[in-house]
Amino acid sequence: MREVYVIGSGLTKIGNLWDKGLRDLAVEAGLAAMEEAGVDSVDAVFVGNMMSGILNAQENLGAYVADYLGLPGIPAFKVEAACASGGAAVVSAAMAIKSGLFDRVLVVGVEKMSDMTATEDVTSALATASEADYEMFWGASFVSLNALIMRAYAQRYGLREEDFGWMPILMHKNASDVPYAQLRFPITMEAYLSSPKIADPIKLLDSAPMGDGSAAAVLSASERRDGEGISVALVGFGSATDTMALYTREDLVELKGAKLAAKRAMEMAGVTPRDLQVLEVHDAFSVMGYLNLEALGVVEPGKASRLIESGDADRSGSLPVNPEGGLKARGHPVGATGVYQFVELYRQLSGRAGPAQAGSPELGAAMNVGGTGSNVVVTILRRVS
Amino acid sequence: MWAFNPSIPPIKREMPSRYRLEGFECHDCGFRSLPPRQVCPRCGSRNVSRVRLPRRGRVLQHTVVHSAPRGYEFYTPYVLALIELEDGTRIFSQLTDVDPEEVTQGMEVEAVLRKVRVGGHGGPVAYGLKFRPVLER
Ligand SMILES: [Zn+2]
């Protein structure tokens, strides 16, 4: 089967970007990716987005983004998988290249959240990724569903409050020198412990912020080596689902979909968890970051907080995790997040992560989670030199 | 949009589950859940039927919501819970008639019909079975 290479990337700053609309963000990231790839045309566009219909009254996003990118006539698709929309768009693009139908494809992840100014409305929009009639109906939000998971996880493994603080503390530390990150300041354990609870036991500082942003990548069937003879290949990807609703799962703290997606991606790449040298995980909440690490198989169940606390997950550690600050501090523009992770992984492997560069990894994985783990995408990139 | 304003058709459609706890039972693996389904999500069997689930159970996990989605601000702080019914079926609902501070893991609860959502100004009202601490046994 054909190989898939990443040949260009682009991203916007994340935050409440009042002066930039949905199309401005998508175009900024899309054009940057094409410029970095050195191409002015692609065969198709895949747009990862979750909520443009609700937040921006704009569906038909494939045509919309293609139009503003000045790519008339090309095939364009919106891919939706809740918070995993970005990862799902990457996988869709990769499948299109592997099929032989397209040679070069642009993936754009975008979410414009701040146009909806009332928090209750954004909370509702996000909650549409849960089961509408039997979770959301009762007033569930993503925070409250993750709160149930966090409490069950803490009880299962006897974890204390501070054990969950290590994740956001590392994320804030990492994001502090990343130019495009949303929350560029460090936090202390004291600040974490005194942070208000938004849905007990989840604290404000366990949660990723709301923000606007767009990230893009160009995937190609042809290799493109940089000046140092390095290229990056998408060697494995896997998607998997789990039950829509949390209450129908056998175990609240086992992300079966995440495990399956990781297994599929690693089988395709022919690698094991021990081979991974850098990770991008979906820390929308601290507990979700921990469950991602466990689903990837890089730590034993219940031991993820120790991996972070030990310093092994620092940029200079043996297994850097989210060197750019993850969802918690780099930011979480929902449908764009999976593409941010993918772009960051690509930049780590090609040695172009700037201040966030974590050594010189040759193999890394990104895990992008939709819903409470109901739709998960894992991608694995390898440096070729 | 349902996320912001419930309309009458979905309210009517979901009444059996929300008013009477009508769920489904798989005759091959025994799995029970809400709402009724045509295919068992655990084993894939289509050998399933509708079943009335018991109205009592206990709290397995719960959380207190302080920041609510649109339409639920009135109830804050409110308790959402994963509940195990007397037959072992797990469902998700809101607790009512209880101080959030007094909810404990394992607390026995029973279903009681309550208002859940009002669709905008003067819109339709959606009711459902919330759960309250068991008053008597
Ligand atoms: Zn079954």
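FYI, it's all coordinate maths here, none of it is from the lab. Because the structure is a prediction, the values reported are computed rather than measured. For neighbour counting, all protein chains shown are included, and Cβ atoms are generated from backbone atoms with ideal geometry for every residue, glycine included.
Ordering A:Leu22, B:Phe92, A:Tyr340 by Cα displacement along the dipole of the protein assembly as shown toward the positive end leaves B:Phe92 in first place; charges were set at the Cβ atoms of Lys, Arg (+1) and Asp, Glu (-1). Summing Lys and Arg as +1 and Asp and Glu as -1 over all other residues whose Cβ lies under 11 Å from the Cβ of A:Asp275 gives a net charge of +1.
Charge tally around A:Thr248: other residues with Cβ under 14 Å, Lys/Arg +1 each, Asp/Glu -1 each, net -3. In order along region A:211-225, the Karplus-derived 3J(HN,Hα) couplings, from 6.51 cos²θ - 1.76 cosθ + 1.60 at θ = phi - 60°, round to x, 9, x, 8, 9, 8, 9, 9, 9, 8, 7, 9, 5, 9, 8 Hz, and Gly and Pro are given as x. Along region A:78-92 the Karplus relation, 6.51 cos²θ - 1.76 cosθ + 1.60 evaluated at θ = phi - 60°, assigns HN-Hα couplings of 9, 10, 10, 8, 6, 5, 9, 4, x, x, 5, 5, 4, 5, 4 Hz to successive residues, with x for each Gly and Pro.
Selection among A:Met136, B:Val51, A:Met266 by position relative to the dipole of the protein assembly as shown gives B:Val51 as farthest towards the positive end (Cβ unit charges, Cα centre). Going by a ≥ b ≥ c, the root eigenvalues of the Cα gyration tensor, does chain B fall in the rounded group (a/c under 1.5), the prolate group (a/b larger than b/c) or the oblate group? Cα axes put chain B in the oblate bin.
Work out, in µm²/s and without decimals, the Stokes-Einstein translational diffusion coefficient of the protein assembly as shown at 4 °C, 1.567 mPa s, Rh from Kirkwood over C-alpha pairs. Kindly include the intermediate steps, with their values, before the conclusion.
Details: Rh = 23.4 Å.
Calculated translational D: 55 µm²/s.
Considering only region B:45-137, what is the antiparallel percent among its DSSP beta bridges, to the nearest 5? Antiparallel bridges make up about 95 percent of those DSSP assigns within region B:45-137.
Return a whole-number percent for the relative contact order of chain B, with Cα pairs under 8 Å and 6 or more residues apart as the contact set. Provide the component values of the computation, followed by the final result.
On the way: 278 pairs, mean separation 32.3, N = 137.
It rounds to 24 percent for chain B.
Comparing B:Pro124, B:Pro100, B:Pro54 in a Gaussian network model of chain B where C-alpha atoms under 10 Å apart are linked, the largest mean-square fluctuation is found at B:Pro124. Over 19 Å between C-alpha atoms is what I'm after, so list which of A:Lys203/A:Lys259; A:Lys259/A:Lys303; A:Lys197/A:Lys259; A:Lys112/A:Lys328; B:Lys12/B:Lys115; A:Lys173/A:Lys197 land there. As for pairs spanning more than 19 Å Cα to Cα, those are A:Lys203/A:Lys259; A:Lys197/A:Lys259; A:Lys173/A:Lys197. The charge dipole of region B:8-71, taken about its Cα centre with unit charges on the Cβ atoms of Lys, Arg (+1), Asp and Glu (-1) only, comes to about 200 debye. Under a 5 Å amide H cut-off, with hydrogens placed 1.01 Å from N, A:Ser9 pairs with A:Glu36, A:Ala37, A:Val218 among residues at least 5 apart or on other chains. Roughly how far apart, in whole Å, are the Cα centres of region B:99-136 and region A:46-78? The distance from the Cα centre of region B:99-136 to that of region A:46-78 comes to 41 Å. Cβ screening of the protein assembly as shown for cysteine pairs under 4.7 Å finds these without a partner: A:Cys83.
Semi-axes of the equivalent ellipsoid of region B:12-56: what are they in whole Å, largest first, if each equals the square root of 5 times a C-alpha gyration tensor eigenvalue? Spell out each step's value before the answer.
Values: eigenvalues 73, 25, 9 Å².
Square roots of five times the eigenvalues give 19, 11, 7 Å.
Here's how it looks for A:Gly371: its modeled amide H is under 5 Å from those of A:Cys83, A:Ala84, which are all 5 or more places away or on a different chain. When only Cα pairs below 8 angstrom with a gap of at least 6 residues are kept, chain A shows a relative contact order of 26 percent. Mean-square fluctuations from a GNM of chain A, with a 10 angstrom spring cutoff on Cα atoms, peak among A:Asp19, A:Asp212, A:Asp242 at A:Asp19. Rounded to the nearest 20 debye, the dipole magnitude of the protein assembly as shown is 1160 debye, with +1 charges on Lys and Arg beta carbons, -1 on Asp and Glu beta carbons, and the Cα centre as origin.
One chain, two ends: B:Glu102 and B:Asp28. Fully extended at 0.36 nm per residue, the span grows by 22.7 nm beyond their Cα-Cα distance.
Averaging the Cα positions of each part gives two centres, and for region B:39-76 and region A:154-189 these lie 31 Å apart.
From the Cα gyration tensor of region A:265-358, with a ≥ b ≥ c the square roots of its eigenvalues, which class applies: rounded if a/c is under 1.5, or else prolate if a/b is larger than b/c, or else oblate? Could you put the intermediate results ahead of the total?
Working: a/c = 1.26, a/b = 1.13, b/c = 1.11.
In terms of gyration-tensor shape, rounded.
Note on A:Glu3 and A:Arg224: their simple-model spin labels are 1.5 nm apart, each label 7 Å out from Cα toward Cβ. Remark: relative contact order (region A:307-368) = 29 percent; criterion is Cα-Cα distance under 8 angstrom and separation of 6 or more residues.
Taken one residue at a time, the phi angles of region A:295-302 give Karplus couplings (6.51, -1.76, 1.60, θ = phi - 60°) of 5, 6, x, 8, 9, 5, x, x Hz. Gly and Pro are set to x.
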